[in-house]
Amino acid sequence: MQERDAILKRKVQDSAEAIPPEKLLLLEPIIEKYQGSSSYLIPALKEAQEMFGYLPMEVQRKLSMGLNIPAPHIYGVVTFYSYFTITKRGRHTIRLCLGTACYVKGSKQILEIINKEVGINVGETSKDGRFTLEAVRCLGACGLAPVMMIGEDTHGNITPSATLNILEGYQ
Amino acid sequence: MVTLTIDGVKVTVKKGSSILEAAQHVGIRIPTLCHDKRLIPFGACRLCIVEVTSRGRTRTMPACFNPARDGMEVATDTPRLRDSRRLQLMLLLRSHPLLCPSCDAGGDCQLQNLVFEYEVPELSFGRQSRYFHVDNDSHFIRFNMNLCIRCGMCVRVCEEVQGQSELSFVKRGIESEVSTDFDRTLDCEFCGQCASICPVGAISSKWLVGTGRRFELNNTPTVCAFCSLGCSLTLGEIDRKTAYVSSSPDSANEGNLCVKGRYGWPFAYSDERLTKPLIRKNGALVETTWDEAIQTVADNFGSIKANSGPESLAAIGSQRLTNEEAYVFNRFVRTVLGTNNIDHAAGLGYRALKDGLAPMLGYAASTNSIREIREAEAVLLLGADLTETHPVAKNEIILASVRRKAKVIVVDSIRTKLSDRDGLFVNVPQGAEVFIVNAMIKFIMDEGLLDRAALDLRAEGLEALEESLKDYSVETVGVNFGIDPELIRNAARMFTQAESAVVILAEGLNRLGDSVALSKAAVNLALISGHIGKESSGVFVLGEKANAQGAVDMGLMPDTLPGFQSISDENARSKFETIWNSQIEPKQGMGARDIMNAAANGTVRGLYVVAENPVDTYPNRQQILNALGKLEFLVVQDMFMSSTAKLAHVVLPAVAPYEKSGTFTSAERRIQKLNPSSKIGCGKPDLELFMTLASKMGKADLNYSGYAEVMDEIASSVPMYSGVSYGRLGLQGLVWPCVDAEDSGRPTLYEGGFPIGKAKLATAEPFAGVLPKADSFRLIPCVQKFHSGSFSEWSPSLMEVCPSGFAEMNGHDMAGLGVVDGSDIKVTGSGGTIILKVKQSRRPVKGTILVPYHFSSNNLNSFTDWGSTEIPIKVEKA
C-alpha cells in the first residue's frame, strides 16, 4: 500500500525562498483595510500580489491569520485564479499563443526555441529572474499568427530566429 | 405542505423539501454520491437525476436540490435514467485508479457499489492517470486523493458542520483536488468527519490499513463515554479487538463525532490498565486476589462503621458511572455503609442544575434537546468554550450561525472559536459572566423589552428581581470591566428580540466562579425574554462527563435520593426504605468539600472513591492530598493507577466504558443504552463489585440479576424514568420525562407549564464591582479538545496529538515577555511554581494565560481553591 502511494505520489514543487518576517509587516495595512469582511479576499490578495509580486506560503498564512479566513480557503482561491501565482515571477511575462491558428503557423517551434535557449517551460521562471513563460489559447490577433506578448507588447508574424532577437530587447 | 407522486406513490412533504427528501420519506432510494443529510445540497455527482413530469412537460433534473412541488410526477428509475447514471459512472471511473482489490474502502465503497448496481459493462473512455495529494503523515487520517471523485463532502462537512475549513478545493478544472494549503499535513480538530463521510477510499482511517476493511467489522452500538452529549458510537471489532469507531447516521447525533469519540478509544487497550486488585502491605501497593481485596474492604469499612459510626464513612461517585451503577452505588452507600456522606464531581459539577435550574423551573436538567440549537436565532454562550469541551454541540451552533444566520453572543474570559462567528464577543474576567447577564436583564427591563403580562402568567418574583438589580446598569458594569456598554445593550437586544434563543453554560471542574448564580441569571434572562418552554430556545447546562445528568438523576448527592427526591422528605425516604429494604438516615450528609475537611480532621476515617480522581481534579490539591493521606482506609475503584489510586489502601480495577452495560443519560436527558464489546481488561463491572461488597458486608439482598433489573427498579422509583425499560431503548434512546410505556419522551420541557406551578425568578447577586487588576497575569484553567481529564491521558492516540500540558499566550504578551513559541515559562502562584511550554494562540486575551487542567503532571489544581474565581500568577521567562 505504501509503495503504491509512493508511486502515485507526485513531485511537489519546491517552495520559493522565504520572505523575512519584517517584510511581512508590509501586509498590515491590507489586513487593516479588509479585516472583518471576508468577501474582500480577492482584492486583498490582489494588493498583496502587487506588493510582493507573488503570493508565497508566508504571505497567505499572514493574511489568513489577519483576515481570519482559513488558510486552505485562501490557497484554494489563489490556485483557482490564473492571475494569482505562488511562485516568484520573472520581470517579463511571455504569453505565447498556442491556439489553432498560431499552432498551424508554427508557434510550437517558437515554444521549443524558448525552451532551449531560455531554459524554461510553460509555467516556469528563468533562473536569472528575467522571463516567466505562459501558454495562452488565443490573443485575438490570429491575423498576425504566430503571436506572442511580452509584458504589454504584442509581437506578430514571428519566426524562431526572430524570437530570440525580440527577447534580447527585454533585459 | 406539498403533494407529489414518486414512482406512483403519493407523498406529502413539508414545503421546501427536495425531491430526494420526499423520495426518502416513503423509502424510495435514489442513488447519490455527493449527498448527505447534514450538508447543503451540492449537485456534483449527477447520479440523483430523476424524470419529472409537471404541467405536461417531462424533464430530467437532479433530485437533491430541486424542491418538491405540488402535482409533480417523478420517475426515479427509467431505462433512460439508468443509461445516464451508467454514463456518469463511466466518466467517474475514467481517472479513478482501479486498484479496488487493494483499496481500504473495498467492499464498502459507494462508487464500487453503484458500478456493480448499474452493471457498468466496460470502460469505454480512454484511461487517464493524474497524480494528486497523498498524505500518510497526518494523525489518524490518511489521504490518497488519487481516489477522490470530487464529491466535496469532506470539504463541506469540514466547513458547514465543523466550522473548521481545514480542507478546500484547490486548483482548477481537470487539476482540481481537495487538499490543505500547500499540501501540508492536517492541523485541525481531528474529528475524522472527512474520513467518515468519504464515499470512496480517498480519505480513510489509518488504523484500518493492514487491519481489515469496514465490511469485515463486527459492530456493537454503544454510547461515547467522554463528554456529556451522549453521542452514539458503533464499535467495529476485528478479531475481538476494536479497530474502527463510527456513529450511525440515524443516531441522535446524526453520525457526528469528535476526536475523542472517534479516536480516543485506545485507552481501553492501554498497557497501563490495572489488571489485578492491589492492596497496601507494608506501605506499598501489591497485587492480590479479588477475594482478599473485597474481604479487606468489607472488613475495614465494617470495623470503622462499628467503631465510630456510619457517619465516619464517606463515598465519592462519579459522572462516569452508568445510571444503574450510580443508582446501586447510592443504595450501597446509604444502606450498606449507612451514611449520607455521598457526592460526586467535587460537589461543584452539578450545582448549576440542582441549585440553579431545579428550584426555578422544576427539573434539574437542560430544558431542550441539543439538536434544537441549530434552529435558534440567537445563541448566548456564558463561559462555554464548546469547541473544546463539547465539540459536537459546537456543530449545532455552527449550523445555526451558517444556515439560520443566528447571532452568536460569546461572554467569556477567553476568545473562543465561536467568538469569530457573526454576533458579539464580550470579554470579561473569569467568573464575571453573571454580571453581564444581570446587566442585560436590567437593560431589558428598563427599556421595556419584556412582555410583563405574558411573564406574569408563567413566572413569579419579578418585583424581587427588579429590586435586586437596582445597583446594576449597563454603564456601571461596562465601565467596571472595561467593556463598551453598547456591546451589552446590543447583546440584550439580540437575545431578547430573537424569535428563539438559547443560553448555554458548560460545567466542569475547570470552571471557576459561582456556577449557581450564573445559571440563575441565565434562567432569569431566558424567562423574561420568553425563551423557555418552546422549541429551539431554553437554557442548556452541559455537564462534564458522560453521565453528568444521570448522576444527578440518580441522586449521587448528600441531600438527594434518586429522582431529585429530598432526603428530608418523609414520603420519599419511606418509599426507598421499602424498595431498598433498609433504613435510610434522614439527616443530610456531607458534600465533597466537607468530606475532605472531615477526612483532614479525622471525623471521616474511611472513603470509597469510585471512578473519580480528586487529587488531580478537585480544587486545592494540597488540601486533598493532606485529607486523603490522613484517612484510615481509602478504596479507589478505577481503570488506571490515578494519582488518587496511588494513595489508596485497596485499588479495585474497573472495566472500560466500552466493556460496560447500562445506560447513560446525556445532557439533553436522552437515556441511551451501552452495549459491551468484547472483554478487554481484567477489571470487574462496578455493579458487580457493589453487589459482592454488599453481600460480604451482610446485605445479601442488595442483589440484581443484571442491569435491566436495576433499570426496572429505577423506572418504578424515579418518576421521570417511569416509562423506560431496556426493551424500549433503541438507537435513539428515550428522552425523559418519559412517564409510561407509551410515552416517547419530551425533548422540550415546560411547553405546557411548569411542574412547580409558576416558574420562580431568582433574585440577582448584588453587583460586587470587582475591578480587574491589570498588574499581574491571570491563569485560566481550560479544557483541551483532545483531552477529558479522566482517561484521555492514557489514550496513546490522544497523547500523540497533544502530548503535554502547555500555556497558551497571545502574541503581544509573548513579545512583552520576550518568549517565542516553544520557550519555557515559569508560572508562580499560590500553589507554587510550574514550568510550562508556551504556545502562541489567539484564545487568551491580554494578561491571561490558558493552561489545560487535565494533565496531572501540571498540578494545576494546586493553584485553585474551592470558591476562588481568579488565579493571579506571576509569569517569567524560564
Scanning segment B:100-120 for residues that are of a type outside the set (S, T, N, Q) and free of Cβ contacts under 8 Å to residues at least 12 places away in the same chain, the one farthest from B:Leu217 (Cα to Cα) turns out to be B:Phe116
When every residue in segment B:477-495 that is under 21 Å from B:Glu377 (Cβ atoms) and among the charged types (D, E, K, R) is compared, the one surrounded by the fewest Cβ atoms within 10 Å (Cβ to Cβ) is B:Glu486
The number of residues in segment B:102-126 that are surrounded by fewer than 17 Cβ atoms within 10 Å (Cβ to Cβ) and within 14 Å of chain A (Cβ to nearest Cβ) is 2
I'd like to check something: does segment B:476-484 contain any residue that is closer than 15 Å to B:Ile441 by Cα and in contact with a helix residue (DSSP H, G or I) (Cβ under 7 Å, 6 or more places away or on another chain)? yes
Per the filter on segment B:170-193, residues touching an Asp or Glu at 6+ places or on another chain (Cβ under 8 Å), more than 9 Å from chain A (Cβ to nearest Cβ) and either under 15 Å from B:Ile149 (Cβ atoms) or basic (Lys, Arg) (or both) are none
When restricted to B:Ala645, B:Ala654, the only residue of a type in the set (A, V, I, L, M, F, W, C), buried (at least 20 other Cβ atoms within 10 Å of the Cβ) and more than 15 Å from B:Gly283 (Cα to Cα) is B:Ala654
Note on B:Arg213: of the conditions (1) farther than 24 Å from B:Asn395 by Cβ; (2) within 23 Å of the chain's Cα centre (by Cα); (3) charged (D, E, K, R), unmet is (2)
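A quick yes/no check of all residues on (1) small (Gly, Ala, Ser); (2) modelled with pLDDT under 90:
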{"site": "B:Leu505", "(1), (2)": "no, no"}
{"site": "B:Leu509", "(1), (2)": "no, yes"}
{"site": "B:Gly513", "(1), (2)": "yes, yes"}
{"site": "B:Ala521", "(1), (2)": "yes, no"}
{"site": "B:Leu527", "(1), (2)": "no, no"}
{"site": "B:His531", "(1), (2)": "no, no"}
{"site": "B:Ser536", "(1), (2)": "yes, no"}
{"site": "B:Phe540", "(1), (2)": "no, no"}
{"site": "B:Lys545", "(1), (2)": "no, no"}
The condition from (1) closer than 16 Å to B:Phe564 by Cβ; (2) out of contact with any Lys or Arg (no Cβ under 7 Å at 6 or more places or on another chain); (3) among the hydrophobic types (A, V, I, L, M, F, W, C) that B:Trp736 misses is numbered (2)
The number of residues in segment B:263-304 that are in contact with an Asp or Glu (Cβ under 9 Å, 6 or more places away or on another chain) and surrounded by fewer than 18 Cβ atoms within 10 Å (Cβ to Cβ) is 2
The condition from (1) more than 30 Å from B:Ser165 (Cα to Cα); (2) out of contact with any strand residue (DSSP E or B) (no Cβ under 9 Å at 6 or more places or on another chain); (3) within 14 Å of chain B (Cβ to nearest Cβ) that A:Val122 misses is numbered (2)
Of the conditions (1) surrounded by fewer than 17 Cβ atoms within 10 Å (Cβ to Cβ); (2) β-branched (Val, Ile, Thr); (3) closer than 30 Å to A:Ile30 by Cβ, the single one that A:Thr159 does not satisfy is (3)
Here the qualifying pairs (Cβ atoms under 9 Å; residues six or more apart or on different chains; first in segment A:37-48 and within 11 Å of A:Val77 (Cβ to Cβ); second part of a helix (DSSP H, G or I) and charged (D, E, K, R)) come out as A:Ala44/A:Lys33
Query raised in the report: Does segment A:128-136 include one or more residues that are within 14 Å of chain B (Cβ to nearest Cβ), within 25 Å of A:Gln49 (Cβ to Cβ), assigned to a loop (DSSP other than H, G, I, E, B) and modelled with pLDDT under 90?
Result: no
Reported set for segment A:45-70 where residues are among the aliphatic types (A, V, I, L, M) and either more than 20 Å from B:Glu159 (Cβ to Cβ) or within 12 Å of chain B (Cβ to nearest Cβ) (or both) is A:Ala48, A:Met51, A:Leu55, A:Met57, A:Val59, A:Leu63, A:Met65, A:Leu67, A:Ile69
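The values are calculated or read from the model by the stated rules, or taken from the named source; none is laboratory data. Every value quoted in this text rests on a predicted model; they were computed, and no experiment measured them. Ideal geometry is used to build each Cβ from the backbone, glycine not excepted, and the neighbour counts take in all protein chains shown.
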